[in-house]
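Bear in mind that the values in this text are calculations on the coordinates, not laboratory data. Every value quoted in this text rests on a predicted model; they were computed, and no experiment measured them. Glycine also receives a Cβ, built like all others from the backbone with ideal geometry; neighbour counts cover every protein chain displayed.
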Amino acid sequence: MACNKRRPGSGCSALGGYSRQLAVVGGSDACIATHPSDMAVAMRVLDATVEAVKPQGATRTIPIADFHRLPGDTPEIETVLEPGELIASVTLPKPAGGMQHYRKVRDRASYAFALVSVAAIIQPDGSGRVALGGVAPKPWRREDAEAEFSRGAKAVMAKLLAGAKPTEENKFKVPLAERALAAVLAEPRG
Amino acid sequence: MKPFTYERAASPAGAASAAARRPDARFIAGGTNLLDLMKLQIETPAHLIDVNDLGLDKIEPTPEGGLRIGALVRNTDLAADARVRRDYAVLSRALLSGASGQLRNRATTAGNLL
Amino acid sequence: MKFDTPATTNPIDQLKIVGQPLDRIDGPLKTTGTAPYAYERHDVAPNAAYGHVMGSAIAKGRIASMDIATAKAAPGVLTVVTAENAGKLGKGEYNTAMLLGGPGIEHYHQAVALVVAETLEQARDAAEMIKVAYAPAKGAYDLAASRDSAKPSGKDDEPADSRVGDFDAAFAAAPVKLDATYTTPDQSHAMMEPHATIAAWEGDKLSLWTSNQMIAWSVGDMAKTLGMPEDKIHLMSPYIGGGFGGKLWIRADVVLAALGARAAKRPVKVALQRPLMFNNTTHRPATIQRLRIGTTKDGTITAIGHDSWSGDLPDGKPETAILQTRLLYAGANRLTRQRLAVLDLPEGNSMRAPGEASGMMALEIAMDEMAEKLGLDPVAFRIRNDTQVDPEKPERSFSQRQLTECLRTGAERFGWSARKAEPKQMRDGRWLVGLGMAAAYRGSPVIKSGARVRLDAKGTVTVETDMTDIGTGSYTIIAQTAAEMMGVPLDKVVVKLGDSAFPVSAGSGGQFGANSATAGVYAACVKLREAVTAKLGLNAADAQFADGQVRSGQRSIALAEAAKGTELVAEDAIEFGELDKKHQLSTFGAHFIEVGVDAATAEVRIRRMLAVCASGRILNPKSARSQVIGAMTMGAGAALMEELAVDTRHGFFVNHDLAGYEVPVHADIPHQEVIFLDETDPLSSPMKAKGVGELGICGVAAAVANAIYNATGVRVRDYPITLDKLLEKMPDVG
Amino acid sequence: MATPRENDVKRRTLMAATVATATVGTIASRAGAQASPASPPAPGSGAAPTLKVSFTVNGKPRDLELDPRTTLLDALREGLHLGGTKKGCDHGQCGACTVILDGRRINSCLTLAVMHQGGRITTIEGLGTPDKLHPMQAAFVKHDGYQCGYCTPGQICSAVAVLEEIEAGIPSHVTADLNAKPALDDAELRERMSGNICRCGAYSNIVEAIGEVAGRKA
C-alpha cells in the first residue's frame, strides 16, 4: 500500500481512498494520517515541555506546541527531534486546576483509536483550553479558538477546525468534535 | 524484520552518542510501536539502542510546582501516579483510554509522543 | 445405520449425561495452554523449518517477472516455492481461486511465494527480498457498480429464483407496503488462531497437522491440488483455534507447507501472518438486498419479495441471503431472486450462518419497518404471519417450529412491554435508550457421519471420528453421547477427533455438526452394544447399559468383561434418508436487545441481550449456551463495527488487521441471557437434536438496528451502524 | 503494586555476546535436539549473529542464545516449546500472547526476548496444570469462559494480572473517581480485559469467571 509517511515518495493510498479514520485538518497533499496518541493530546492541553538530549550531551527544551510537525511534503519527518536526539523527560507546568476531561469517541467501546478525542480543561468561570485527537497529524490545539469558550462549542470549533478539508468519509468528524466538546461543556464545572 | 545489532545504553548521553555514531540506529524502549513497524519492514533499523536502563523512569516534582516525567515512565505508572490523578486528570484519563492494559504496561511516555 | 423413520425411545432419552450442563472435557487442557494447536506440534516435527508466505501486491493481472535469487541466497533460507517451480497444481473442489498464484493473479494477497528458512526471522526477512514485477489488469471491485451485470445464481441444490402466486400484482394491490434496500458489508471471520500447518513427507506419504473444520473435504482437496492419491495423505486437526467457516477448506498455509516441505526435504511449518489473512483467505461477501413486503391493513402479509445481489470471483458462489425469506413468514404471493456479479476481490465464501446471517440483517429490519407502518407491535406482527408449513411448498411441514413460543417467551423475559413504540421516548442520563427485537431463523441440515467406538478391558470407551471441535464443544457432547449409550461415567470415555485415519464425520459447519456427529457416534455405539451383548451372551433386546454394568434378565455383568482378552471395536455411520426432504428441519429463535446511544456522539453501546432458541434437544446446555452467546457477540459486531473497507480502485480490503477490522471486545458486550425452549425433534436424528451455533447470530444485527431506531428515530439500512450514520439526526447537545 | 525489577545484572554484558555464532535454529543450545538426520542444517549459511539472554520462566532459569530479532513470544513458543502463549496477530492487536513479566501483563509479541535479561516471566503453564488448576483456570472451566481455547491462555494471564491491578489501585478508563480505589464490578473487569479479544465471544462467561475468583479473594 502506498504511504508517503512509511515509504517516502510511494504516494498516499488514503487520498481518494479509504479515509474514515484520517485527518480532517492539518494534512497535506502527501499525507492525511492522524497522530495516534491519546497521551500527547493531554500533554498538549497541559502545555507540557519536552526535554531532549543531543548526541553531544547538550539538552534542550521544546514546548509541546512545537514538538510535532505537520506533514507538508515530508510526512516521514514527524517531530522536530534531530537524528540521534533522545527524549529524556516531559515536564508538566504547575497544575492548571479546573475540571479536566478527556472524551474519546470510537466505534468500539475500548481498545481502539479515537475517531475524535477532546482534551479539555474548563475553569469555573467558563474559560478553558481544548485540544483534539483523531482529527489531525498532531495533537490539535489553537489558542485563539479558546477565546471563544464563552460563546460555546460551535464557536470554539469554528476557529479550532478552521480550514478543515475533510473527505466525504471523514467529514462527520467536524460535527462530532463539536458535539463532543458541547457534551464536555454541559458537564458541571465544579 | 531486517537483521540488526543490539546494545543497551547506560546513560542518556551515551545513548545519544551511540545514536550519533550509527545513523541507521533507533532507540527502543517499550517497543510496542517500533517492533510492530519493524515486522512489516516499515522501520528497518540496522542497530537498536535499548534505553530501558537509563534511569529515566521517575516522576519528580519540579521547583515550579509541576512534574517532571521521565521518558521511560510506563503509561500505566503515569496514569496511576497519585499526583497525576489529582492534578492532571486529563492526562490520566487520556492514558487510560489508550491501547490496552498490556500495552500501557510497556509503552513509555517518550514513545507515546512520537 | 439408516435414519429414515422418526426416532422412537432410545437410550439417549435417559438424559443421565446427555442434556446435562457439564464442563467441557477439554477444559483443563485449553485453560492450561496444554491443548496443542497445529503450529505447536514440536513433538511431531522437532526439526521443522519455517515458512513465510508472500502475497500478491495487485488484485488482478499477471506476474511479469519475479526475482527470488536474493531471497534464496539470504541467511538461513532453504528454499523458495513459487508457481513457477512448484510443479503442476490442481485446484480443490471447494476453492475458487488458486492457493498459489502466478503467473496469473486472481486477487490481492493471493499467495505468490513461500520462503522456507531455518528460523521464522530469516524466512520473514527473506520474503521481503523477493522482487516481483506485476502487469496489472483492470478488475471489478465495486458491488454497487457491478450490480446490473449480476446473473442469476443458485448454490448447491437451491435455485436462484423462487416464485409463488403473483408477487407483482399482490404487492401493487397491497394497502400497506414497504420497498426498501439494505446493504451488508464484507466481513471477516477473524478467528484468533491463524490458518496454520506443519507438513512432513515420508517418501510419497504426506502428514499434515493443521487447523481445519472439515477433514475429509480437505484430504480430498489436498489430493486434488497436489495430484496425489488421498490415501497417501494423513491430515490431523485435533484442536482448532476458531474457524467460523474460514477453515472449512484448505488454504494457502497447508498447500504451501506441503510444497515447502517437499522442496526443503524436511518438515515445514507455516502460519498465515495476520495482516495477510484478510485478503488471502475467504470472507463473508457484501450484499445489496431489496425487500418488498405488502400486507393487508391488519398486518397479514400478502406479498413478500426479496432480491439479493452479491459478488465473487469467476466461478464463485452467491451469498444466499434470500434463503430464510422462502421459509420464515407466511404470505400467498412470493418472489425471491439471487444475483451474482463477478468481482475480483478476494474469495467470498461461507462465514457463520452463510445466507441467513446476512439475509436476516435485512429482512428483520424490514419487518420492524412494516410493523411500524401498521401500528403493530413487532412481536405481534411476526406472530400474525407465522406458518407451520413451508410457505412455498405447503405439503412440507416443519419438523418443529416454535417461533411463536420463542417470541412470546422472549418478550416476557425481556420486559418488552416496557418498550415505547414511538422512538426517542426513553432516556437514561446521557444515553438515549431503545429496545429492539428480531426473529431468528437458521436451517438445520443433517449430513452422513461416521464413528468408531472401542471398549477395552478397563471398561474405557474410546470414540474415534474425524469430527472436529472448533470451540463448539464436540469433544464433550460426543463423550456424553458415548457415556449415555454405553452406561459409563463421562470419565470412562476418551474422545479422539480430527484425524483422517478415523471414520468420516459430518465435520463442523452449517450448524450440522453437533446433531449429525453425535448421531454417528450413537450409531457406532448401537453396534458396540450389540457386540457386547453377543460377547457376554446376553439378550440384546432387553439389555440395559448402566453404571458400568450390562443387565439382562437376572444377569448383570461388568461392561469391561466384554473386552477381556480382546478389545471390542464397532464402527458405523448415521445415514439420513428422506425425512429432511419431506419435512423442513429448521431452528427458530428470537433476539431482544437494549441499546444506549450517546445523545452527543451517537456512540452505540449494547446494554442487554437476550436470545430464546428452539433448536431441538440441547445436548449440553452449558456449551450450547456458549455457542449462542458467541454468535450474539459476532452479531453485535456485524451490527456496530465489522466492515472490510474496499479500496474500489485497487481491489483490496484496506483494514486488513485486527486494529483496522474491529471486532467486539469485552467492553462491548454486556451480560447475555439465553433461554432454550424445551424441544426434542424425532425427525432430526436419534439424538433428536438440531444445531444452535449459527441460529444465535441470525437476527442479532437487525435487533440491534431496530433498538437503535427505537432509541433515536434514525433508521439505518446500511451496516455497520456506526455513529457517523446517526450523528446528523441526533438531538442538540447541551 | 509495581514490582521493582529484581535483577541488577549488568545488561551491557549482552553486548559482549554480540559475536557471530553460527546457529542453526532459533536457539543454538537446542540445535542438537532439533537437528534431524534427514535434514542436516545448512552450515555457514550466514546466519544472524546471536545474543545470549537469561531470564526466569515460570520459576525456572532459562538461558537462550537468540537471533536478536526473536520476540519474547517466539522465544517462548519456538525456543522453549511453551506453546500455551499464543500468536494471534503478532502485532499487539489481540492479546493472545499475554504473559506476566515482572509482575505485569504484557503482549509478548511486541517485545524482544533479548530485552529481558534477568526478567521474571510467568506464562499460562506457570499458573497451573491440568491436574492442579489455578483458581482462575478452574473458574474458566466452570463458567465455560472459552470456546476454541486459543485466546484462553492470554485471557487467563490477563485476568490474574487484572485482579492485582485493581488490588493495587490502578485506575481504568471507566473508573469514575480517579482518586478513589477502583471498584471490582463488571464494568471495570470488561474494560480492563478489553485488550484480550475472544472471537468466539465468551466474554460474558469470562467476566463471570473472573468475578467469581475476585469474590473469593475479597
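Within the stretch B:1-94, report the GluC sites (Glu not before Pro) that DSSP leaves as loop and that have at most 12 other Cβ atoms within 10 Å. Mind showing how you got there, number by number?
Values: sites: B:Glu7, B:Glu43, B:Glu64; in loops: B:Glu43, B:Glu64.
Those that pass, being in a loop and sparsely packed, are B:Glu64.
Starting with the fewest neighbours, write out A:Cys12, D:Cys151 ranked by other beta-carbon atoms found within 10 Å of each beta-carbon.
In increasing order of surrounding Cβ atoms, one gets A:Cys12, D:Cys151.
Amide H to amide H under 5 Å from C:Gln584: which residues, 5+ apart in sequence or cross-chain, H placed 1.01 Å off N in plane?
C:Ser397, C:Phe398, C:Ser399
Once you sort the root eigenvalues of the Cα gyration tensor of chain C as a ≥ b ≥ c, which label holds: rounded (a/c under 1.5), prolate (a/b larger than b/c) or oblate (the other case)?
oblate
Counting alpha carbon pairs within less than 8 Å and at least 6 residues apart, what relative contact order, in whole percent, applies to chain C?
17
Taking amide H positions as placed in the peptide plane 1.01 Å from N, state which residues far from B:Phe27 in sequence (5 or more) or on other chains have amide H under 5 Å from it.
B:Ile49
How large is the direction-averaged shadow of the alpha-carbon convex hull of the stretch D:135-217, in nm²?
So the Cα hull casts an average projection of 4.8 nm².
Using θ = phi - 60° and the Karplus curve 6.51 cos²θ - 1.76 cosθ + 1.60, what whole-Hz ³J(HN,Hα) does each residue of the stretch C:266-276 get, with Gly and Pro shown as x?
Listing the rounded values in order: 6, x, 10, 10, 9, 10, 5, 6, 3, x, 8 Hz.
Between rounded, prolate and oblate, where does the protein assembly as shown land on the alpha carbon gyration tensor, with a ≥ b ≥ c its root eigenvalues, rounded for a/c under 1.5, else prolate if a/b exceeds b/c?
oblate
Given R₀ = 60 Å, what would the calculated FRET efficiency be for C:Glu412 paired with A:Asp144, taking r from the Cβ atoms and rounding to 0.05?
0.55
Pick out the long, greasy-scoring helices in chain C: whole DSSP H runs spanning 27 Å or more along their own axis by Cα, mean Kyte-Doolittle at least -0.5.
C:513-536, C:621-640
Could you work out [θ]222 nm for the protein assembly as shown from helices alone, using -39500 (n - 2.57) per DSSP H run of at least four and dividing by all its residues? Round to the nearest 500 deg cm²/dmol.
-7000 deg cm²/dmol
So between C:Gln388 and C:Asp491, what do we pick up on full extension, going 0.36 nm a residue minus the alpha carbon distance?
Answer, rounded to one decimal: 32.9 nm.
In percent, how large is the relative contact order of chain A, given Cα pairs closer than 8 Å and 6 or more residues apart?
Averaging sequence separation for qualifying contacts and normalising by length gives 24 percent for chain A.
Lysines near C:Lys564 by alpha-carbon distance under 22 Å, same-chain residues fewer than 8 away left out - which ones?
C:Lys564 reaches C:Lys458, C:Lys492, C:Lys527, C:Lys535.
Have a look at the DSSP beta bridges in the stretch B:1-77 and tell me what percent are antiparallel, nearest 5.
Details: 3 of 11 bridges.
Bridges in the stretch B:1-77 that DSSP calls antiparallel: roughly 25 percent.
Once you keep just the Cα pairs under 8 angstrom separated by 6 or more residues, what percentage relative contact order results for the stretch D:135-217?
Relative contact order of the stretch D:135-217: 45 percent.
Of C:Phe545, B:Phe27, how do they rank once you tally other Cβ atoms within 10 Å and put the fewest first?
C:Phe545, B:Phe27
Please compare each pair in C:Lys151/C:Lys729; A:Lys54/A:Lys138; A:Lys54/A:Lys159; C:Lys690/C:Lys725; A:Lys165/B:Lys39 to a cut-off of 27 Å on the Cα-Cα distance and tell me which ones are over it.
Values: C:Lys151/C:Lys729 38 Å; A:Lys54/A:Lys138 23 Å; A:Lys54/A:Lys159 37 Å; C:Lys690/C:Lys725 38 Å; A:Lys165/B:Lys39 33 Å.
Flagged as over cut-off: C:Lys151/C:Lys729; A:Lys54/A:Lys159; C:Lys690/C:Lys725; A:Lys165/B:Lys39.
Can you give the local net charge around C:Glu464? Use residues other than it whose beta-carbon is closer than 14 angstrom to its beta-carbon, Lys and Arg +1, Asp and Glu -1. Intermediate values should be presented prior to the final figure.
Details: positive: C:Arg452, C:Arg454, C:Lys496, C:Lys527; negative: C:Asp456, C:Asp466, C:Asp469, C:Asp499, C:Glu567, C:Glu571, C:Asp572.
The answer is -3.
Could you list B:Leu40, C:Leu407 so that the one with the fewest beta carbons within 10 Å of its beta carbon is first and the one with the most is last?
Starting with the residue having the fewest Cβ neighbours, the order is B:Leu40, C:Leu407.
Beyond 20 Å between alpha-carbons counts as too far, so tell me which of C:Lys88/C:Lys131; C:Lys269/D:Lys87; C:Lys2/C:Lys622 fall in that bin.
Violating the 20 Å Cα-Cα cut-off are C:Lys88/C:Lys131; C:Lys2/C:Lys622.
Run through the stretch C:397-453 and list the trypsin sites (Lys or Arg not before Pro) located in a DSSP loop whose Cβ has at most 14 other Cβ atoms within 10 Å.
Loop-located and lightly packed - C:Lys420.
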